[in-house]
Structure formats: C-alpha cells, structure tokens
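Below is one structure, written out as structure tokens, with a few remarks after it.
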Amino acid sequence: MDETFQIHINRIARMALPEARKTQVQHIQPSPKFQQQAGGIQPSPFPGYSIITPPWVDESENGVFYEQLQVFQQQILQELVPGMLVPVPPASFHMTLADLIWDSAFHHAVTEDANFEQKLRDRLSLLFERFQDTLAGSSPIYWQVLGLIVMPRAVGVCLMPKDEASYEQVVTLRRLIYQDPGLISLGIEQQYHLTAHVTLGYFGNLPNALDRETLSDTLSTLNNRWLEATDPQPLWIHRAELRKFDDMTRYYREPDWATVSF
C-alpha cells in the first residue's frame, strides 16, 4: 500500500505548502483525544499499540532535533488563542513508523481474546528478531523537517526522507508488519499511507467565530520564521520500538518488547 519513493516525496511536499494549510484549516475540528473537564482540558482514554521511534524522554541521539521542535511548539502556542491547541508533552515527541491498533479496535481485540496483547508482542518480537539479522551494513536512516502541516484534529511537523534508502528502510519494516499473516490474523492492518510527522498539539476549544483565513496565515508565518531561524536538524532513526499508550500523552514499553536497531 505504501507509495514509491518519488510519489511519496511529491505528496508530502504538497502537504507543507501554504495552500495546503489554507485548505486544511477549513476542516479542522476539536480532537476527541482530549476533553474539557474541571480544571482544564484532559486526555481522553485512547489505548493501543504502535511502532515508533523512541520518545524524547528515552532518546539520547536526537536531543537538538527535539529541542528545536519544543521551541516551535511554544511559538505556536503563544500566537494562538489559549486552549485552541492542546500541546503534546515534549517528552513524548516521536515519529510513528507503523500504526498497529487503537481505541475501539483495541477494546474489541482484548475483549474477544484475553491473550491478545501477549500474542501481539510475541509475534512482533519474532518478526523484529529476524529483521534485525538482515540489517548488517545498512546505511543510517535520516528524515528531515519539511515544515508545519495541519491535520483535521492536530498540527505537526512533517518529515521527509533524506534519500531513497532512508525511505525504503522504513517501508520495508512496514511491509514486514502489515503483510505478516500472524499479525493479520490478530486484526492488524494498514489503514494509512505513511505521512511521517511529529505531532505538536491537538485542537481543543475552537472559537465559534474562528477566522480560519487569519489562522492559516499565522501558521504559515510561524512556519517560515521558524525554518529561517532554526536550520532544523534531521531525525536520525536509529531504533524502532513497540510501544503501548493509554492516551496521547505517554508511550511506554517493557524491556523485553520488540525492537529493531538500524
């Protein structure tokens, strides 16, 4: 299902254009992943599993990259109406390499099979162990910042592969997962093309009289200013990990869960 390298580059490049942000801003809506409660906006339950790069809190190789994103996140928050964007905790910044299962599908799976989570973890450990053996001598994987993208319920920084080899390594991992009969039998399926990004925040309370044209212009101005001033570092994808989440603020794992080191 994933695209060829050139088709992927063409699609991603369009997403970070000002015209794309202007179009996407017309369709934004509050994210159900957060809800208004006494004391402010709180994360909603949203459990599941993904294959991701190590979150910043557990990352020792990409500190400058994430520091730059944290600065950008703060710049965006300062310009928007308070509460419009719910920031992702910087400690959880990461790039998703492959979505696995989440929310209602996860609830259904664990209800139908009490051993679902163990089966998922065991199968991925086996696949990743075999995959690790094929990676000797492979080139480092780098993805670089393209710019700010607006999604229906969130904003993030879009990433594009530095070269074709970096793209193919990630796509090969995704094919290993999504084409595996054992995972397919557990209900794991590919639902999206790869759109690599680091989420900075989710939309929260949108004003009733939101001026979407002005919002689009503000986001584009912030994007251009940040790119010109920062010279963003690339993200070195040196490790892929199975992580569990209970909501969109923290991604955790046990020491024996599946990993691949590139």
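Could you please find all residues in the range 7-22 being without any contact (Cβ under 8 Å) to a residue 40 or more places away in the chain and over 15 Å from residue 146 (Cβ atoms)? If the condition is that a residue be without any contact (Cβ under 8 Å) to a residue 40 or more places away in the chain and over 15 Å from residue 146 (Cβ atoms), then 7 is the only one that fits.
Pairing residues of the range 238-253 that are more than 17 Å from residue 135 (Cβ to Cβ) with residues that are among the acidic types (Asp, Glu) and part of a strand (DSSP E or B), at Cβ distances under 7 Å and at least 6 apart in sequence or on separate chains, gives 253/241. Going by the structure shown, is residue 78 on the phi < 0 side of the Ramachandran plot, in a helix (DSSP H, G or I), surrounded by fewer than 14 Cβ atoms within 10 Å (Cβ to Cβ) and of a type outside the set (Asp, Glu)? Yes: the conditions hold for residue 78. Output the residue which, of all residues in the range 33-54 that are assigned to a loop (DSSP other than H, G, I, E, B) and touching an Asp or Glu at 6+ places or on another chain (Cβ under 9 Å), is nearest to residue 213 (Cα to Cα). That would be 33.
Okay, residues lined up against (1) in contact with a Pro (Cβ under 7 Å, 6 or more places away or on another chain); (2) within 18 Å of residue 262 (Cα to Cα); (3) buried (at least 18 other Cβ atoms within 10 Å of the Cβ):
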{"position": "62", "(1), (2), (3)": "no, yes, yes"}
{"position": "95", "(1), (2), (3)": "no, yes, yes"}
{"position": "105", "(1), (2), (3)": "no, no, no"}
{"position": "113", "(1), (2), (3)": "no, no, no"}
{"position": "130", "(1), (2), (3)": "no, yes, no"}
{"position": "134", "(1), (2), (3)": "no, yes, no"}
{"position": "140", "(1), (2), (3)": "no, yes, no"}
{"position": "145", "(1), (2), (3)": "yes, no, yes"}
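Within the range 69-80, residues that are without any contact (Cβ under 8 Å) to a residue 24 or more places away in the chain and closer than 21 Å to residue 95 by Cα have Cβ atoms under 9 Å from residues that are assigned to a loop (DSSP other than H, G, I, E, B) and of a type in the set (A, V, I, L, M, F, W, C) in these pairs: 70/93, counting only partners at least 6 apart in sequence or on another chain.
All of 176, 186 fail the test of being in contact (Cβ under 8 Å) with a residue 60 or more places away in the chain and of a type outside the set (Asp, Glu), apart from 186. Somewhere in the range 177-196, is a residue surrounded by fewer than 17 Cβ atoms within 10 Å (Cβ to Cβ), over 25 Å from residue 7 (Cβ atoms) and acidic (Asp, Glu)? The answer is no; no qualifying residue exists.
Among the criteria (1) exposed (fewer than 14 other Cβ atoms within 10 Å of the Cβ); (2) farther than 23 Å from residue 126 by Cβ, the one residue 212 does not fulfil is (1). The strands (runs of 3 or more DSSP E) located wholly in the range 191-262 that include 2 or more residues which are among the hydrophobic types (A, V, I, L, M, F, W, C) occupy 197-203, 235-237, 239-247. Looking at the range 19-30, is at least one residue modelled with pLDDT under 95, over 18 Å from residue 157 (Cβ atoms) and loosely packed, with under 15 Cβ neighbours inside 10 Å? Looking through the range 19-30, none of the residues is modelled with pLDDT under 95, over 18 Å from residue 157 (Cβ atoms) and loosely packed, with under 15 Cβ neighbours inside 10 Å.
Filtered by the rule that a residue be closer than 21 Å to residue 73 by Cβ and hydroxyl-bearing (Ser, Thr, Tyr), the range 227-262 gives 230, 249, 251.
When residues in the range 99-154 are screened for being under 28 Å from residue 14 (Cα atoms) and part of a loop (DSSP other than H, G, I, E, B), 4 of them pass. Restricting attention to the range 13-31, and to residues there that are part of a loop (DSSP other than H, G, I, E, B) and closer than 26 Å to residue 44 by Cβ, which single residue is farthest from the chain's Cα centre (by Cα)? This residue is 26.
If the condition is being closer than 15 Å to residue 134 by Cα and without any contact (Cβ under 8 Å) to a residue 60 or more places away in the chain, then the range 160-173 contributes 165, 172.
Residue-by-condition table, conditions (1) more than 26 Å from residue 174 (Cα to Cα); (2) among the basic types (Lys, Arg); (3) more than 20 Å from the chain's Cα centre (by Cα):
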| residue | (1), (2), (3) |
| --- | --- |
| 74 | yes, no, no |
| 80 | yes, no, yes |
| 88 | no, no, no |
| 97 | no, no, no |
| 100 | no, no, no |
| 103 | no, no, no |
| 117 | no, no, yes |
| 120 | no, no, yes |
| 127 | no, no, yes |
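The values are calculated or read from the model by the stated rules, or taken from the named source; none is laboratory data. Small disclaimer: the values here were computed from a predicted structure and weren't measured. For neighbour counting, all protein chains shown are included, and Cβ atoms are generated from backbone atoms with ideal geometry for every residue, glycine included.
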